[in-house]
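The values are calculated or read from the model by the stated rules, or taken from the named source; none is laboratory data. Treat the numbers as computed from the prediction; the structure is a model and nothing was measured. Here the Cβ is made from the backbone with ideal geometry for all residues, glycine too, and neighbour counts use every protein chain on show. Side chains included, ligands, DNA and RNA excluded: accessible areas come from the protein's heavy atoms. Shrake-Rupley method; radii C 1.70, N 1.55, O 1.52, S 1.80 Å.
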Amino acid sequence: MNVLLINGSSNEKRCTYTALAEVASALQAEGVETEIAWIGRDPVRGCNGCGGCAKRGDARCIFDDDVVNGLIAKAEAADGIIVGTPVYYAGANGALLAVLDRLFYAASARLRFKPAAGVASARRAGTTPAIDQINKYFQISCMPLVSSNYWPMVHGKSADDVRQDEEGLQIMRVLGRNMAWMLRSLEAARAHGVTTPEVEPKVMTNFIR
């Protein structure tokens, strides 16, 4: 089993990374392999709704960059996904949202039923709307949400601050153990013939005709 952790911060190894690393350590202690993938600092173009990914037929964005299409390949191979973000104006990092828009527009069908969770890091406030923003990508894609013993957030202005947030770090560890438990539960269910739910063709209702 393996979990992909996406670091959606523009800083590679600061607060968001520190939170994700704590989750990764808990997962590894449970025998789950992990990878923390960073979105980097280069500009990321957003999704323009062209539908080119559907025409390609390979669940890849038509704008063929290593960031988005590289993450799609990693997400497809992973058993679970955790996305971390810093808080910008009570929301997630805009670059991360551009990545997630394109990733899920192109590949959400291939991510169905993979357990997932959003994690937020802030100096003080705005964490819950940022977590909710990330979780919406999972909820619209039939991906079970993994919970912890509190909303998955850490607080601090620096990585050292986050390492002093004892409650936040505990939340991350519990999240990691809960993710490992869910992955093992799904593996046991498959071994006993429990299959994923039937996927109905999507019904689209337009309110203006």
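Cross-link partners for Lys157 among the lysines, with Cα-Cα distance under 27 Å and sequence neighbours closer than 8 places in the same chain left out: Lys13, Lys136.
Give, as a single signed number, the net charge of other residues whose beta carbon lies under 15 Å from the beta carbon of Ile36, with Lys and Arg counted +1 and Asp and Glu -1.
Local charge sum for Ile36: -1.
Shown for the chain are the DSSP H helices of 15 Å or more along their axis, judged by Cα atoms, with a mean Kyte-Doolittle hydropathy of at least 1.0: 94-107.
Each Lys and Arg Cβ is given +1 and each Asp and Glu Cβ -1; about its Cα centre, the chain then shows a dipole of about 520 debye. Between Ile134, Ile62, Ile81, where does the largest GNM mean-square fluctuation fall for the chain, given springs only between Cα atoms within less than 10 Å? Sorting by GNM fluctuation, first place goes to Ile62. Were the residues from Ser147 through Lys55 laid out at 0.36 nm apart, the gain over their Cα-Cα distance would be 29.6 nm.
Placing unit charges on the Cβ atoms of the charged side chains and taking the dipole of region 111-169 about its Cα centre, the candidate lying farthest along the positive direction among Ala125, Pro152, Tyr137 is Tyr137.
Accessible area per residue of the chain at 1.4 Å probe, in Å²?
Values: 11310 Å² over 209 residues.
I get 54 Å² per residue for this part.
Full extension of the chain between Lys13 and Val199 gives 63.1 nm of extra length, using 0.36 nm per residue less the Cα-Cα distance. Among 6-14, 185-193, 97-105, the peptide with the highest mean count of other Cβ atoms within 10 Å heads the list, and the full ranking is 97-105, 6-14, 185-193.
Say we join alpha carbon atoms closer than 10 Å with springs in a Gaussian network model of the chain; which of Thr195, Thr16, Thr128 then has the biggest fluctuation? Taking springs between Cα atoms under 10 Å, the residue moving most is Thr195. Accessible surface of region 1-149, 1.4 Å probe: 47 percent of it comes from carbon and sulfur atoms. Among Arg184, Arg112, Arg60, the largest mean-square fluctuation in a Gaussian network model of the chain, built with springs joining Cα atoms closer than 10 Å, belongs to Arg184.
Here the extension length gained between Ser185 and Ala77 equals 37.0 nm, from 0.36 nm per residue of separation less the Cα-Cα distance.
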